Amino acid sequence: MKLSYRDLVSPADRETVKVIIESTGFFNPEEQGIAVELVDERLSKGLQSGYHFLFCEEEGSHVLGYTCFGHIPGTASSFDLYWIAVHRRYQGQGIGRGLLVSSETAVRAMDGSRIYIETSSRGLYQPTQAFYERSGYTREAVLEDFYARNDSKIIYTKIL
């Protein structure tokens with residue numbers, strides 16, 4: 001499978017993001033809506049939105065996964081990785097790793113020096129946590145019961 005990455009966002013990406021996020025089985029309807037809202041924000045405001053996207057595509061075909069990231073206002077060079085998702089059908093094939101590395105490269109090109117990632121402590125997210133740790137991210141903080149009772153926020157960081 002020959003993969004390519006693009007950072008241009010098109011109106012068709014609203015549906016693409018929705019389908020990818022839904023396929024994972026991880027996100028509730030409110031979270032799914034937020035993912036699409038970020039696409040809308042980028043489409044309406046362009047780079048002024050502060051949201052950057054990378055889409056991983058099978059060459060000549062369709063989007064397999066994507067990331068959304070952006071500079072954290074009020075910081076010199078820190079970025080948040082807001083979303084990273086790979087369609088369920090293509091998980092476990094290195095696509096997430098490729099997206100993460102490509103996003104880190106893009107952040108470095110924007111003079112970023114740190115990336116922060118937030119995730120849930122629920123059991124469903126243990127493979128996600130392991131993925132971040134294998135990718136060189138350090139668990140920096142746990143905010144107990146952040147999302148809900150017994151669902152804490154885990155914050156990871158990586159110095160680039």
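The values are calculated or read from the model by the stated rules, or taken from the named source; none is laboratory data. Please read all numbers here as calculations on a predicted model, not as lab measurements. In this analysis, Cβ positions are derived from the backbone assuming ideal geometry, glycine residues included, and neighbour counts consider all displayed protein chains.
Worth pointing out:
- Boolean, F55 is touching a His at 6+ places or on another chain (Cβ under 6 Å) and buried (at least 16 other Cβ atoms within 10 Å of the Cβ): no
- Taken over segment 1-43, the residue count meeting the criterion of being surrounded by fewer than 16 Cβ atoms within 10 Å (Cβ to Cβ), part of a helix (DSSP H, G or I) and among the hydrophobic types (A, V, I, L, M, F, W, C) is 3.
- Test: residue in segment 66-89 that is assigned to a helix (DSSP H, G or I) and not assigned by TED's automatic domain parsing to the domain that holds S135: yes
- The set of residues in segment 72-81 being within 17 Å of V39 (Cβ to Cβ) and surrounded by fewer than 22 Cβ atoms within 10 Å (Cβ to Cβ) consists of D80 alone.
- Qualifying residue in segment 146-159 (condition: in a strand (DSSP E or B), under 21 Å from Y5 (Cβ atoms), not small (G, A, S) and not assigned by TED's automatic domain parsing to the domain that holds K2): yes
- Breaking point among (1) in contact (Cβ under 8 Å) with a residue 12 or more places away in the chain; (2) farther than 25 Å from T75 by Cα; (3) surrounded by fewer than 14 Cβ atoms within 10 Å (Cβ to Cβ), for A85: (3)
- Test: residue in segment 63-71 that is touching a Lys or Arg at 6+ places or on another chain (Cβ under 9 Å), in contact (Cβ under 8 Å) with a residue 12 or more places away in the chain, surrounded by 15 or more Cβ atoms within 10 Å (Cβ to Cβ) and under 17 Å from E118 (Cα atoms): yes
- Selection status of Y137, free of Cβ contacts under 8 Å to residues at least 24 places away in the same chain, farther than 18 Å from L47 by Cα and of a type in the set (F, W, Y): yes
- Cβ-Cβ distances below 7 Å connect the following pairs, each with a first residue in segment 19-45 that is at positive phi, a second residue that is part of a helix (DSSP H, G or I) and surrounded by 12 or more Cβ atoms within 10 Å (Cβ to Cβ), and a separation of six or more residues or different chains: G25/R88.
- Check on Y125, under 16 Å from I20 (Cα atoms) and either in contact with a Ser or Thr (Cβ under 9 Å, 6 or more places away or on another chain) or of a type outside the set (G, A, S) (or both): no
- Among residues of segment 121-134 being in contact (Cβ under 8 Å) with a residue 24 or more places away in the chain and more than 22 Å from E104 (Cα to Cα), the one that is surrounded by the fewest Cβ atoms within 10 Å (Cβ to Cβ) is L124.
- With respect to the conditions (1) of a type in the set (A, V, I, L, M); (2) assigned to a strand (DSSP E or B); (3) at pLDDT below 95, L124 lacks only one, and its number is (2).
- Residue in segment 89-106 that is surrounded by 16 or more Cβ atoms within 10 Å (Cβ to Cβ), acidic (D, E) and either touching a strand residue (DSSP E or B) at 6+ places or on another chain (Cβ under 7 Å) or at pLDDT 95 or above (or both) present: yes
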